[in-house]
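Chemist: Dropping the structure in here first, questions after.
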Amino acid sequence: MAGYSYYKKKQTKSSDNENLSELKARIKEKSPAGIYLFRGEEEYMKRFYFSELCKSSGDSDSNVNVIDAEDFSYERLLDAVNTAPAIDYSDSFFADEVDFSGPPAIRVIKADGVPIDKMNDKEKSDLARLCEYFPSGVCLVFYYSHNPKKESEYAKSVKVLSKCENVLEIQFDHESPTSPSLKKWVKRHFDAKKIVIDAASVDYFIEAVGNDMCTLISEIEKLCAYALCRELPTVYNEDIDFVCIRNTQARLDDVSKGIFDGDYGRAMAALSVLKAEKESEIYIFGAISNKASELYTVDYYKSLGMNIAEISAKTGIRDFVVKNDFRILSNLYARTKNGAPNPCERIVRIISSYDEKMKSSAVNKYLLLENMIFRLCR
């Protein structure tokens with residue numbers, strides 16, 4: 001393999017944040033050659049950084065090679081690594097017109113979900129040696145998509161690769177729904193389409209759709225198209241409700257909001273969607289129980305004279321959630337007749353009475369949920 005220089009670089013295992021910073025630095029310096037392990041649930045970020053690595057391939061499709069699990073063998077991987085990068089002549093009529101002044105093209109190889117753990121001991125040893133003395137003109141990405149059904153299978157391959165030298169391992173996880181960086185990212189994508197959305201609606205959008213970036217970008221495109229068709233380039237919460245596909249957690253929240261706001265129609269509408277999607281009845285019951293428990297806790301500390309910040313610090317419940325719980329509690333007490341029991345105690349008592357029924361009764365569980373919701377909304 002003439003023209004290649006090998007390097008040996010001992011790399012200590014670092015945190016995912018440090019490794020991501022290293023990846024960004026290599027991309028910025030246009031020196032991305034090396035070995036990478038991309039894993040985790042956030043597919044959008046994995047695809048983004050892989051596309052950034054591909055930009056170093058000299059705009060030549062022949063310099064990007066994908067090896068999937070079905071066609072994988074160590075021989076094929078080794079052959080791909082040992083193939084020199086091609087030069088892109090597409091914009092030049094004569095060979096001497098090719099611009100060699102920029103950084104040399106890199107060959108990018110994507111090993112997509114490959115079963116490294118299935119290789120024999122000699123191949124694993126050879127792979128470890130290859131990683132230790134890796135050619136400088138190649139970018140090899142071991143790429144594992146998020147697939148709960150294959151998680152244990154992928155974990156075995158990740159374990160093998162984690163023991164190899166020079167592998168920059170990065171776990172791409174979802175940002176927290178309350179993450180400032182995620183909110184800025186959402187706002188930036190609306191701004192790029194010249195669509196106006198305020199901070200409160202950004203929060204509502206993420207709450208409704210979830211924090212998976214692939215889902216978010218798809219829903220952003222739908223909302224922007226809807227706004228442009230109306231020739232009103234502003235997105236409101238009502239538009240989000242009308243256009244977007246709400247995630248399961250948002251629908252569970254809709255059930256709870258309907259119940260505790262006394263809006264039986266809203267609670268039942270959200271429940272009917274969950275039923276159509278075959279969501280577990282016990283899971284729905286658990287979500288309602290958890291919210292009731294949260295309200296009971298907030299109500300207790302509120303009765304002691306604690307404010308929102310103090311309750312948040314005491315319980316670990318986010319301050320904006322406590323603020324919303326204050327609103328729900330205010331409505332609950334406003335609907336409670338004089339002399340009636342504490343509304344939170346009443347809610348907990350009703351839910352407790354259905355707990356054993358949900359676990360052991362032969363009655364249809366959705367019928368039990370509907371009956372419980374009716375009683376809670378009264």
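The values are calculated or read from the model by the stated rules, or taken from the named source; none is laboratory data. Only a predicted model underlies this, so the values are computations on that prediction, with no experimental measurement involved. Don't worry about glycine lacking a Cβ; one is built from the backbone with ideal geometry, like all the others, and counts go over all protein chains shown. Protein only, heavy atoms only, side chains kept; ligands, DNA and RNA dropped before computing areas. Shrake-Rupley method; radii C 1.70, N 1.55, O 1.52, S 1.80 Å.
Chemist: If a residue has to be part of a helix (DSSP H, G or I), without any contact (Cβ under 8 Å) to a residue 60 or more places away in the chain and under 18 Å from LEU20 (Cα atoms) to count, how many in the stretch 160-185 make the cut?
Modeler: Here the count works out to 3.
Chemist: Taking the condition of being in contact (Cβ under 8 Å) with a residue 12 or more places away in the chain and either in a helix (DSSP H, G or I) or within 16 Å of the chain's Cα centre (by Cα) (or both), how many residues in the stretch 186-199 meet it? First the steps, then the outcome.
Modeler: Applying the first criterion (in contact (Cβ under 8 Å) with a residue 12 or more places away in the chain) to the stretch 186-199 yields 186-187, 189-190, 193-197, 199.
Those still in the list that are either in a helix (DSSP H, G or I) or within 16 Å of the chain's Cα centre (by Cα) (or both) too: 186-187, 189-190, 199.
So the answer is 5.
Chemist: Here is a further query. Which ones in the stretch 24-43 are more than 16 Å from LYS110 (Cα to Cα) and part of a helix (DSSP H, G or I)?
Modeler: Once the filter is applied, which keeps residues that are more than 16 Å from LYS110 (Cα to Cα) and part of a helix (DSSP H, G or I), the stretch 24-43 yields LYS24, ALA25, ARG26, ILE27, LYS28.
Chemist: Next up: State yes or no: is ALA309 small (Gly, Ala, Ser), in contact with a helix residue (DSSP H, G or I) (Cβ under 7 Å, 6 or more places away or on another chain), closer than 16 Å to LYS257 by Cβ and not in a loop (DSSP other than H, G, I, E, B)?
Modeler: Working: small (Gly, Ala, Ser): yes; in contact with a helix residue (DSSP H, G or I) (Cβ under 7 Å, 6 or more places away or on another chain): yes; closer than 16 Å to LYS257 by Cβ: no; not in a loop (DSSP other than H, G, I, E, B): yes.
No.
Chemist: Follow-up. Please verify whether the stretch 104-120 includes one or more residues that are over 21 Å from ASN65 (Cα atoms), open to solvent by 80 Å² or more (accessible area, probe 1.4 Å) and in a helix (DSSP H, G or I).
Modeler: yes
Chemist: Filter the stretch 138-162 down to residues that are small (Gly, Ala, Ser) and surrounded by fewer than 19 Cβ atoms within 10 Å (Cβ to Cβ) and give me whichever is farthest from ASN120 (Cα to Cα).
Modeler: In the first step, residues of the stretch 138-162 are kept if they are small (Gly, Ala, Ser); the result is 145, 152, 155, 157, 162.
Now restrict to residues that are surrounded by fewer than 19 Cβ atoms within 10 Å (Cβ to Cβ): 145, 152, 155, 162.
On the way: SER145: 24, SER152: 19, ALA155: 17, SER162: 17 Å.
Ranking the qualifying residues of the stretch 138-162, first place goes to SER145.
Chemist: With closer than 26 Å to ASP319 by Cα and open to solvent by less than 20 Å² (accessible area, probe 1.4 Å) as the only criterion, which of LEU271, LEU252 stands out?
Modeler: On inspection, the qualifying residue turns out to be LEU252.
Chemist: Does SER352 satisfy the condition of being surrounded by fewer than 16 Cβ atoms within 10 Å (Cβ to Cβ), part of a helix (DSSP H, G or I) and free of Cβ contacts under 8 Å to residues at least 12 places away in the same chain?
Modeler: On the way: surrounded by fewer than 16 Cβ atoms within 10 Å (Cβ to Cβ): yes; part of a helix (DSSP H, G or I): yes; free of Cβ contacts under 8 Å to residues at least 12 places away in the same chain: yes.
Yes; evaluated as a whole, the condition is true for this residue.
Chemist: Would you point out the residue of the stretch 208-240, among those that are in a helix (DSSP H, G or I), open to solvent by 80 Å² or more (accessible area, probe 1.4 Å) and acidic (Asp, Glu), that is nearest to GLU41 (Cα to Cα)?
Modeler: The qualifying residue nearest to GLU41 (Cα to Cα) is GLU221.
Chemist: So in the stretch 224-263, with the set limited to residues that are of a type in the set (A, V, I, L, M, F, W, C) and within 20 Å of the chain's Cα centre (by Cα), which one is modelled with the highest pLDDT?
Modeler: ILE240
Chemist: Which residues, taken from the stretch 284-316, are surrounded by fewer than 16 Cβ atoms within 10 Å (Cβ to Cβ), small (Gly, Ala, Ser) and within 27 Å of ALA270 (Cβ to Cβ)?
Modeler: Across the stretch 284-316, the qualifying residues are GLY286, SER293, GLY316.
Chemist: So, one more: Output the residues belonging to the stretch 53-89 that are at pLDDT below 75 and either open to solvent by less than 90 Å² (accessible area, probe 1.4 Å) or under 34 Å from the mean Cα position of the chain (by Cα) (or both). Outline the logic, then answer.
Modeler: Step one: list which residues in the stretch 53-89 are at pLDDT below 75, which gives 57-61, 86-89.
Hits for the stretch 53-89 are SER57, GLY58, ASP59, SER60, ASP61, ALA86, ILE87, ASP88.
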